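Taken together, the values in this text are just the output of simple stated rules run on the coordinates, not laboratory data. Since the model is a prediction, treat every value here as computed from it, not as a measurement. Cβ sites come from the backbone with ideal geometry, for glycine too, and all protein chains shown count toward neighbours.
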């Protein structure tokens, strides 16, 4: 499928806005919520990149399954790393 250029421009603009939002959040002191907001913005940016620039949105269900498996594996690795970090003295 040929994706129109305006889609890429909109996604690039959204990524730019999210980048600026990331910088703005870094300068605002929100206590422990800074981390949650930063991670939420990062996940949103990663999702946009995977869906549009890696063309997952326009491919078959098999591609969706493998992309989802990659995200699931990343979550597993984060959970295991945080569990290791939390149990250290």
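Observations, loosely collected:
- Spacing of the modelled spin labels on residue 51 and residue 89, each 7 Å from Cα toward Cβ, amounts to 4.7 nm.
- R0 of 35 Å, Cβ-Cβ distance residue 41-residue 63: FRET efficiency to nearest 0.05: 0.90
- Across the chain, C-alpha contacts under 8 Å between residues 6 or more apart give a mean separation that, scaled by the residue count, equals a relative contact order of 24 percent.
- Legend: ranking of residues 73, 64 from fewest to most surrounding C-beta atoms inside 10 Å; resulting order 73, 64.
- The chain - Debye-derived log10 I(q)/I(0), Cα point model, q = 0.22 Å⁻¹: -1.12
- Alpha-carbon centroids, the range 64-89 and the range 1-63: separation in whole Å: 20
- Taking 47, 22, 60 in turn, the Gaussian network model of the chain (Cα-Cα springs below 10 Å) assigns the largest fluctuation to 60.
- Relative exposure of 85, 8, judged by other C-beta atoms within 10 Å (fewest first): 85, 8
- In this simple spin-label approximation, residue 72 and residue 23 carry label points 7 Å from Cα along the Cα→Cβ vector, and these lie 3.8 nm apart.
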